[in-house]
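Novice: What follows is a single structure, and I will ask about it in a moment.
The values are calculated or read from the model by the stated rules, or taken from the named source; none is laboratory data. Owing to the predicted nature of the structure, the values given are computational and were not obtained by experimental measurement. Please note: Cβ atoms are built from the backbone with ideal geometry, for glycine as well, and neighbour counts cover all protein chains shown.
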Amino acid sequence: MDKIVIRGGNPLLGTVRISGAKNAALPCMAAALLTDEPVILENIPQVRDIETTRKLLAAMGAEVELGYGRAHHRTTICARTLAAPEASYELVKTMRASTLVLGPLVARCGRARVSLPGGCAIGARPIDLHIKGLEHLGAKITQEHGYVEATTDPQKGGRLKGAEIVFDKITVTGTEDLLMAATLADGETVMQNCAREPEVADLAALLNAMGAKIHGAGTSTIRIKGVDKLHGARHRIIPDRIEAGTFIIAAALTGGDLNVAGCDPAHLTAILQKLAENGVKTAVKADSVRVMGDHPLAAADMNTEEYPGFPTDMQAQYMALATQAAGTSIVTENIFENRFMHAQELVRMGANIKIEGRRAIVRGGTPLSAAAVLASDLRASASLVLAALVADGETIIDRVYHLDRGYENIEEKLKGVGAEIRRVGNIFPKRAAAPAQS
């Protein structure tokens, strides 16, 4: 199993280019199931979750063609024939976004069978909101043997019916899944309390290019007028705001001078505002953020919230920053109940962190030293990389397959701006993960 080895102490200098957003690309790939014509997606990141989704779509009968050379970030999907509208456990056990195919499949084929998802161990991610919404749209749902099965009534034309859906709580994948399903439903669907993330708006932009009639994506109320058929389209995926935020924090932590290029600063407002409280100096342009890390870091409390608030996917990285900020920061996790698993590994590196339920009390300004650490999930992996960049000595990070799920060539990008980092094979005995702090 691969590990990443990092020797800390080097400031990050130069320019790093941000890849396409994994969390936008995955629902857009699922949207290709809604039509029998080719959907061309550009700026697709080369990460493990994308490859898993390619295999999943191919297993259903879709033709998935990858670009080569300069076009290697382009994928063409043509779901002309869907012989097997099923997402098996073997294909989706490592990826929670597998539920995104449920809505498109039942809308297009009248039936779907999808394994309950796997993914990161950061708390419960129930799909009850997906199921409730599909039932409002007229689907019949059964659950057994770890699978969700959805069917439409052939006596009612085999199509979903428009409905009013009010989400009990904000859900990004639930909003995306039902948004896709509603595009082929008879009549109008109105969804309330929707997720407002940029990735939702990006999906809607693709669907509208395919012939859907969607209004309000990116707000809490989305209206969808169902159409009989969708067609192919070409669409460019938005930049990854979480990757951008990760590199911005990396530059601030290491005292570097880094230009984070190819991002959308409008998607980073909450992150940049919080980092300004920490004393991080930035210069924002239309598609880049320059970080000048020559100022001391100050502590600041942070609460994760749904967009446009501070993203939960940046909480672990922010905690790494807080370990080096002068003073005490209180980090409150409001989205997931078990997302402090990285804290125990940061403590192994010398951080002073105390967990109290959904709060982490971080007493900053403590020097970090190299250690052998374990990554528990995707963003925890990133926080350990950040900590290692400023730790004294050589840190070995195990289970970096989590990192590969969402960051494209992160070691090459970091190496290109001055980090001393390399990927290696099995170099130390396996260590059992400690139980999560509570």
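Novice: Being charged (D, E, K, R), over 23 Å from the mean Cα position of the chain (by Cα) and outside any helix (DSSP H, G or I) is the filter here; which residues of the stretch 276-289 pass it?
Specialist: Across the stretch 276-289, the qualifying residues are 281, 285.
Novice: Now for a different question. If you take the residues of the stretch 373-401 that are among the charged types (D, E, K, R) and within 21 Å of residue 425 (Cβ to Cβ), which of them is modelled with the lowest pLDDT?
Specialist: 399
Novice: Within the stretch 209-228, is there a residue that is in contact with a Pro (Cβ under 6 Å, 6 or more places away or on another chain), surrounded by fewer than 24 Cβ atoms within 10 Å (Cβ to Cβ), touching a residue at least 24 places away in the same chain (Cβ under 8 Å) and not assigned by TED's automatic domain parsing to the domain that holds residue 301?
Specialist: Within the stretch 209-228 (the criterion being in contact with a Pro (Cβ under 6 Å, 6 or more places away or on another chain), surrounded by fewer than 24 Cβ atoms within 10 Å (Cβ to Cβ), touching a residue at least 24 places away in the same chain (Cβ under 8 Å) and not assigned by TED's automatic domain parsing to the domain that holds residue 301), the answer is no, since none of the residues qualifies.
Novice: Scan the stretch 1-34 for residues that are surrounded by 24 or more Cβ atoms within 10 Å (Cβ to Cβ) and over 22 Å from the mean Cα position of the chain (by Cα) and report the count.
Specialist: 3
Novice: May I pose another question? Somewhere in the stretch 254-275, is a residue crowded, with 24+ Cβ neighbours inside 10 Å, more than 22 Å from the chain's Cα centre (by Cα) and assigned to a helix (DSSP H, G or I)?
Specialist: Yes, there is a match, as at least one residue in the stretch 254-275 is crowded, with 24+ Cβ neighbours inside 10 Å, more than 22 Å from the chain's Cα centre (by Cα) and assigned to a helix (DSSP H, G or I).
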